[in-house]
Amino acid sequence: MHVNNTYSFFKSCIGCYSWVLILFLTMVSSCIEPFEGAVNSFEDVLVVNATITNEIKKQEVSLTRSFRFEEEVAPAEVNAEVVIRTEDGDQYIFEEVSPGKYESIIPFAAEINKEYSLTILTEGGSSYESSTMQLPVQETNIDDLYAERITNDDGIEGVGIFVDSFDATSNSNYYRHEYIETFKIIAPFWSPFDIVVTGEGVSTFSTAIILREREERTCYGSAPSKNIQVASTLALSEDRLTKYNVRFIEADNYILTHRYSVLVRQYVQSPAAFSYYETLRGLSQTSGNVFSEDQPGFLAGNIRSIENPRENVAGLFEVAAVDEKRIFFDYEDFFPNEAPPPYISDCIPFSPSTEGGLGERDLLNLIYDDAVRYYAPGLVVTNRCGDCTTLGSNVIPDFWIE
């Protein structure tokens, strides 16, 4: 098992929870209290996700708009002017690097005992500002990040990812954890060849077997954490997290089949930010489905409209201390001499029909739809079984260690 503290791949999960935030669109300025109400109609509001940290880096702010249940992607808020200011007159200007994603032009780190605020001017001329926030502690440290084979409370066997952390000064108290996992994928029915259609007529057609032009056997999948994970040590005798479980992976999950890596980020939050995320977690868990229409309430953030105090704005501006660690392990490290998990898809080579007239030949239609890959003479497999790029990237991550 290897540990690597680099940050070359993982990006702060700014915006990871915007799909939750848009559900709570009725906001109460400068408080973090749920407001009882019901979603009766769609309201187009600004959604802000901004966490600046004690890392020296180009800090990020994400701006999107709310979207309807039937829509899949949040519209980006583009061409905005984004600035973070301190009480002593420093200001950090942000530029839009992709639609709705803004980065500070120069790298900077949040400093202790400084107050920070966020201001936004949209392309449409609307102005917004946040409450002032401070870095709660100078730094935080993950003392250990490790994996163990465990059986969870439901009797399911798998691998747990755990964090140990300790603050001897007892000043941290409020923690949030995020992770991004990366895993090797090997297409089980890969072939160096592929099949293409070279011609099709009313009564005839032709195909050719060619060498593949890119790597499609070994890839790397990646996924961020989706659940909100917060913990407080206030009720404990020490400001210590011991064997805090940030991830459980069932033993039959295909992401464990070969090599797996996880990068965990630990944030120390202000009491206000902790309360916000704890309430947000409770709301999503209470309904069971964050997209349900019977949400128990709305959540207030710390961002308001300057021109119209009654305007609803979703999201939070946060200043937090952060640390991160990465680990790697192989399936056999915890399950030696045991059969690997099943692949994500059933893979059975088959022979689609070539009969029929123009546009009716099953094999050709599957090739046109990019639904199959060549496996052997007369046989194809579904694209997932023969092409790993349907599940991940064929580019080896910079941080990857075999």
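The values are calculated or read from the model by the stated rules, or taken from the named source; none is laboratory data. What you are looking at is a predicted structure, and each value in this text was computed from that prediction instead of being measured. Backbone-built Cβ (ideal geometry, glycine too); neighbour counts: all protein chains shown. The area values use the complete protein model at the heavy-atom level, side chains included, leaving out ligands, DNA and RNA. Shrake-Rupley method; radii C 1.70, N 1.55, O 1.52, S 1.80 Å.
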Lys and Arg at +1, Asp and Glu at -1: add these up for the other residues within a Cβ distance under 13 Å of Glu95 and post the number.
-2
Looking at the chain only, what percent of DSSP beta bridges run antiparallel? Nearest 5 please.
90
Have a look at Phe183, Ser127, Ala208 and report the one farthest towards the positive end of the charge dipole of segment 105-218, computed about the Cα centre with Cβ charges (Lys/Arg +1, Asp/Glu -1).
Ala208
Spacing of the two label points (7 Å from each Cα toward its C-beta) at Lys57 and Leu234, in nm
2.9
Need one value: the accessible area of Phe162 in square angstrom, 1.4 angstrom probe, rounded to the nearest 10.
10
Whole-number D in µm² s⁻¹ for the chain, Kirkwood Cα-pair radius fed into Stokes-Einstein, 37 °C, 0.692 mPa s
137
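What is the percent carbon and sulfur in the accessible area of segment 41-193, measuring with a 1.4 Å probe over the protein chains and ignoring ligands? All intermediate terms of the calculation are to be shown ahead of the outcome.
Values: 3140 of 6950 Å².
Reported share for carbon and sulfur atoms: 45 percent.
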Can you compute the charge dipole magnitude of the chain about its Cα centre, using +1 on each Lys and Arg Cβ and -1 on each Asp and Glu Cβ, nothing else charged? Give it in debye, rounded to the nearest 20.
360
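Viscosity 1.567 mPa s, temperature 4 °C: what is the translational diffusion coefficient of segment 141-200 from Stokes-Einstein with a Kirkwood Rh over Cα pairs, rounded to a whole number of µm²/s? Mind showing how you got there, number by number?
Details: Rh = 17.0 Å.
Rounded, D is 76 µm²/s.
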May I have the convex hull volume per residue, in Å³, for the Cα set of segment 184-241?
164
Helix 271-287: angle to the longest alpha-carbon principal axis of the chain, degrees 0 to 90, nearest 10?
50
In Å², what does the accessible area per residue of the chain work out to with a 1.4 Å probe?
47
Return the calculated 222 nm mean residue ellipticity for the chain, to the nearest 500 deg cm²/dmol, obtained by summing -39500 (n - 2.57) across DSSP H runs with n ≥ 4 and dividing by the residue count.
-2500 deg cm²/dmol
So how far apart, in nm, are the two label points at Thr207 and Asp88 if each is 7 Å from Cα heading toward Cβ?
7.0
